[in-house]
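Colleague: Structure below; questions to follow.
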Amino acid sequence: MLDIKQIRTDFDHVEAKLKTRGISADKLYELKDLDAKRRALIIETEDLKKQRNEASEAIGLAKRQKEDASAAITKMQEVSSNIKALDAELSLFDTRVTEIIELLPNIPADDVPVGADEDDNVEVKRVGTVPTFDFEPQAHWDLGEKLGILDWERGAKVTGSRFLFYKGLGARLERALYNFMLDEHAKEGYTEMITPYMVNHDSMYGTGQYPKFKEDTFELADSDYVLIPTAEVPLTNYYRDEIIDGNELPIYFTAMSPSFRSEAGSAGRDTRGLIRLHQFHKVEMVKFSKPENSYQELEKMVADAGNILEKLGLAYRVVALSTGDMGFSAAKTYDLEVWIPAQNTYREISSCSNTEDFQARRAQIRYRNDAGKTQLLHTLNGSGLAIGRTVAAILENYQNADGSVTIPEVLRPYLGGVDVIK
């Protein structure tokens, strides 16, 4: 959530920045007008409360001196009635201000590329060598079916489209991947967590999924529970409404969890394969940082995600997302995109973002600084990595002419020495 004080005092800057994210100036001007009226009402209400206190004192004095207090009583009743009416009006203004501000995205950092969509993203670097084949590479969904490790048909029968069964070495490969990723992140100082797979609405609000993206989630009927779209939600909300000792920062968390997404609005995109599912596993990284260190922490998070891809021997690139392509809560985002041979392109496998104090303000996560004062910290999150997409990348990049798939060397100890799926 944006700081209303910043909108109030630096309106032109906020307007210019949010314009790059497609936000209409009309909403901001409405917010500015509502806020001004709201502040005027607060001043008027405080003045009336002062008058009420004075009338109350006058009544007390008159009674102690056994004088007629009827005039003061009448005045206090009139003032109290006016305060009640103004409080009701103020409540309406508060509600409308909140409705607008909670739907405004984060202000992009100054070095974020300005653009309308993914076509305006800027490539930062490429890492690794794209493989070449002396045969026509197969798509991972065909490889998975032929090897008997991915069963789409029964997944659709048991649940519906975009669900599947991993089977045999497919299930073991997925498990090997997330164990490998968690072990690697532990080496970088992340504390491993097992989170709830359901959270309440306050948690979804705290990280910015609610209310704007409610249609993208799976809610449990007649309850306050939501299936998590990513472990970012429970991990970030771990410290909701708390004050952290600044000496403990930065704090790193990592967790593997299922992620549940309705994929609203994605009809026709990636309907085959492991790229866009309703349920998938993901290893998440979350950081809590002092503001002055958060962008250094973002660069390290990107390196931590890249480390996984490099050890798996997968070619990838890093892109800085444009203002029009960034997520709602992000101030700056890097995507890591892995090479997918059958599609002859790079596809997102990790997204690492600094939300600055946007989530911390919504979730009221603060720390006590060296001066003993409390202030909002910065939160960061990133995929480290999306497991299904990593499986897809391994199947396609490590496939052989006979339809078998070689296991990356770093994963073999997690698979009891198995070096090929055939």
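Colleague: Can you report the number of residues in region 62-74 which are over 22 Å from Leu86 (Cα atoms), open to solvent by less than 80 Å² (accessible area, probe 1.4 Å) and assigned to a helix (DSSP H, G or I)?
Modeller: Of the residues in region 62-74, the ones over 22 Å from Leu86 (Cα atoms) are 62-71.
Those still in the list that are open to solvent by less than 80 Å² (accessible area, probe 1.4 Å) too: 62, 69-71.
Those left that are additionally assigned to a helix (DSSP H, G or I): 62, 70-71.
Here the count works out to 3.
Colleague: Among residues belonging to region 21-61 that are small (Gly, Ala, Ser) and not in a helix (DSSP H, G or I), point out the one that is nearest to Met326 (Cα to Cα).
Modeller: Gly22
Colleague: Do the conditions hold for Tyr225, that is, is it under 15 Å from the mean Cα position of the chain (by Cα) and not charged (D, E, K, R)?
Modeller: No.
Colleague: To continue, here is another question. With the requirement that a residue be part of a strand (DSSP E or B), farther than 16 Å from Ala320 by Cβ and open to solvent by 20 Å² or more (accessible area, probe 1.4 Å), what does region 335-344 give you?
Modeller: Trp339
Colleague: Would you pick out the residues in region 3-60 that are surrounded by 15 or more Cβ atoms within 10 Å (Cβ to Cβ) and β-branched (Val, Ile, Thr)?
Modeller: Listed by number, the residues that qualify are Ile4, Ile7, Val14, Thr20, Ile23, Thr45, Ile59.
Colleague: In addition: Filter region 171-199 down to the residues that are open to solvent by 50 Å² or more (accessible area, probe 1.4 Å) and free of Cβ contacts under 8 Å to residues at least 40 places away in the same chain and list them by number.
Modeller: Asp183, Lys187, Pro196, Met198
Colleague: Sort out which residues of region 211-244 are surrounded by fewer than 19 Cβ atoms within 10 Å (Cβ to Cβ), at pLDDT 95 or above and under 20 Å from Arg361 (Cβ atoms), and write them in order of number.
Modeller: Tyr238, Arg240, Asp241, Glu242, Ile243, Ile244
Colleague: Since Gly206 meets every condition but one in (1) of a type outside the set (D, E, K, R); (2) open to solvent by 60 Å² or more (accessible area, probe 1.4 Å); (3) in contact with a Lys or Arg (Cβ under 6 Å, 6 or more places away or on another chain), which condition does it not meet?
Modeller: Among (1) of a type outside the set (D, E, K, R); (2) open to solvent by 60 Å² or more (accessible area, probe 1.4 Å); (3) in contact with a Lys or Arg (Cβ under 6 Å, 6 or more places away or on another chain), Gly206 violates only (2).
Table: residues versus (1) over 30 Å from Val114 (Cβ atoms); (2) β-branched (Val, Ile, Thr).
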| site | (1), (2) |
| --- | --- |
| Ile4 | no, yes |
| Arg8 | no, no |
| Lys49 | yes, no |
| Glu54 | yes, no |
| Ile59 | yes, yes |
| Glu67 | yes, no |
| Ala71 | yes, no |
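Colleague: Also: Filter region 309-321 down to the residues that are closer than 10 Å to Val127 by Cα and assigned to a helix (DSSP H, G or I), then identify the one that is least open to solvent (accessible area, probe 1.4 Å).
Modeller: Only one residue tops the list, namely Leu309.
Colleague: Quick one: in region 281-308, of everything that is among the acidic types (Asp, Glu) and part of a helix (DSSP H, G or I), which residue is surrounded by the fewest Cβ atoms within 10 Å (Cβ to Cβ)?
Modeller: Top of the filtered list is Glu292.
Colleague: Additional query: Would you mind finding the one in Arg361, Arg366, Arg347 that is touching a residue at least 60 places away in the same chain (Cβ under 8 Å), surrounded by fewer than 23 Cβ atoms within 10 Å (Cβ to Cβ) and farther than 23 Å from Asn237 by Cβ? Show your work before the answer.
Modeller: Details: Arg361 fails: farther than 23 Å from Asn237 by Cβ; Arg366 fails: farther than 23 Å from Asn237 by Cβ.
Among Arg361, Arg366, Arg347, only Arg347 is touching a residue at least 60 places away in the same chain (Cβ under 8 Å), surrounded by fewer than 23 Cβ atoms within 10 Å (Cβ to Cβ) and farther than 23 Å from Asn237 by Cβ.
Colleague: Here is a further query. For region 85-101, check the following and say yes or no: at least one residue is surrounded by fewer than 17 Cβ atoms within 10 Å (Cβ to Cβ), touching a residue at least 24 places away in the same chain (Cβ under 8 Å) and under 28 Å from Asn307 (Cα atoms).
Modeller: For region 85-101, residues surrounded by fewer than 17 Cβ atoms within 10 Å (Cβ to Cβ), touching a residue at least 24 places away in the same chain (Cβ under 8 Å) and under 28 Å from Asn307 (Cα atoms): absent.
Colleague: Considering region 369-385 alone, what residues qualify as being closer than 19 Å to Ala315 by Cβ and open to solvent by less than 10 Å² (accessible area, probe 1.4 Å)?
Modeller: Gly384, Leu385
The values are calculated or read from the model by the stated rules, or taken from the named source; none is laboratory data. As the structure is a computational prediction, the values presented were derived from the model and not from experiment. Every residue, glycine as well, gets a Cβ built from its backbone with ideal geometry; the counts of neighbours run over all protein chains shown. Quick note on the areas: whole protein, heavy atoms, side chains included, nothing else; ligands and nucleic acids left out. Shrake-Rupley method; radii C 1.70, N 1.55, O 1.52, S 1.80 Å.
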